[in-house]
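First up is the structure itself, then whatever we jot down about it.
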Amino acid sequence: MELYYVITICDRQKSETMAGLYRDAGIPLILTKLGRGTATDWHLALYGLEATEKAVICGIADREEAQKLRRSARQRMFIDIPGNGILMTIPLKSVAGGKTLAYLTDSKEMGGKPDMTFEHELIIVILNEGYSDCVMEAARSAGATGGTVLHAKGTGAERAEKFFGVSLAKEKDMVYIVAKSEQKAGIMSAIHEQAGPQQPAGAISFSLPVSSVAGLRTNEE
């Protein structure tokens, strides 16, 4: 079935407008999380931007809904212009339960296959609270241009201590970094070496394939 997890990162003051575009596209379950950007002072000055708080808006969409959302985000939020946010789609492999599927798809007949061409990946880093600058410094050393920080509450610290030999704080930060597929391994390796489980940041990371992305600043731009 062709379903996607759609994630948009935008300025917090624009989150209600973006959530409205999700609803207009017919996406039923919309979640909004609060975060902050990690752009350096140099990047902010380069694009004439100010540091802003961010919102991460997520939902499940089929191909038609995802395409409608991308079009409206480009037309009304100018998502393709640097500084106006990022919109990405991640293909889903399965959904648990027929009623859940019916709810997410409005009982539409599902078919086709998700786009499995992955030029970008979403790197998710889980780390001890307060060390996001350390993680981003490591990521930038391998080519990352920015990320978004979310706050989280961690559990399972005893198991982490068993595997990594360190006591990990329960207060966590999460960092989302969108990168080109060929840069992913280098970025994750740099994070592991400079801010990994044996460091105070205690960072662990994994990645998800991104089938489409809008609004990502490239090095050429």
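Has the range 7-22 got at least one residue that is at pLDDT below 85 and touching a helix residue (DSSP H, G or I) at 6+ places or on another chain (Cβ under 9 Å)? The answer is no, given that none of the residues of the range 7-22 is at pLDDT below 85 and touching a helix residue (DSSP H, G or I) at 6+ places or on another chain (Cβ under 9 Å). Taking residues in the range 189-212 that are within 12 Å of V135 (Cβ to Cβ) and touching a residue at least 40 places away in the same chain (Cβ under 8 Å), and partners anywhere that are part of a loop (DSSP other than H, G, I, E, B) and open to solvent by 70 Å² or more (accessible area, probe 1.4 Å), the pairs with Cβ atoms closer than 8 Å and at least 6 places apart or on different chains are A195/Y131; P200/Y131; A201/Y131; G202/Y131; A203/Y131. Cβ-Cβ contacts under 7 Å between residues 6 or more apart (or on different chains), taken from a first residue in the range 54-66 that is free of Cβ contacts under 8 Å to residues at least 24 places away in the same chain to a second residue that is charged (D, E, K, R) and surrounded by fewer than 23 Cβ atoms within 10 Å (Cβ to Cβ), are absent. Within the range 143-150, is there a residue that is farther than 18 Å from A214 by Cα and open to solvent by less than 20 Å² (accessible area, probe 1.4 Å)? Yes: the range 143-150 contains one or more residues that are farther than 18 Å from A214 by Cα and open to solvent by less than 20 Å² (accessible area, probe 1.4 Å).
Every residue, every condition in (1) part of a helix (DSSP H, G or I); (2) at pLDDT below 90; (3) surrounded by 13 or more Cβ atoms within 10 Å (Cβ to Cβ); (4) in contact with a Lys or Arg (Cβ under 8 Å, 6 or more places away or on another chain), yes or no:
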site: I27; (1), (2), (3), (4): no, no, yes, no
site: C58; (1), (2), (3), (4): no, no, yes, yes
site: E64; (1), (2), (3), (4): yes, no, no, no
site: R74; (1), (2), (3), (4): yes, no, yes, no
site: V95; (1), (2), (3), (4): no, yes, yes, no
site: K99; (1), (2), (3), (4): yes, yes, no, no
site: Y103; (1), (2), (3), (4): yes, yes, yes, no
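Only residues that are in a strand (DSSP E or B), modelled with pLDDT of 85 or more, closer than 16 Å to R36 by Cβ and out of contact with any Ser or Thr (no Cβ under 6 Å at 6 or more places or on another chain): list them for the range 125-154, please. Passing the criteria: L127, T148, L150, H151. Can you pull out every residue in the range 9-25 that is over 15 Å from K68 (Cα atoms) and open to solvent by less than 50 Å² (accessible area, probe 1.4 Å)? Within the range 9-25, I9, C10, D11, S15 qualify. The listed residues are E119, E171, E161, and the only one of them that is exposed (fewer than 15 other Cβ atoms within 10 Å of the Cβ), at pLDDT below 95 and under 23 Å from P82 (Cα atoms) turns out to be E119.
The values are calculated or read from the model by the stated rules, or taken from the named source; none is laboratory data. Remember, predicted model here, so these are calculated numbers, not experimental data. Using ideal geometry, Cβ is built from the backbone for each residue, glycine included, and neighbour counts are taken over all protein chains shown. Just so you know, the surface numbers come from the protein's heavy atoms only, side chains and all, with ligands and any DNA or RNA stripped out. Shrake-Rupley method; radii C 1.70, N 1.55, O 1.52, S 1.80 Å.
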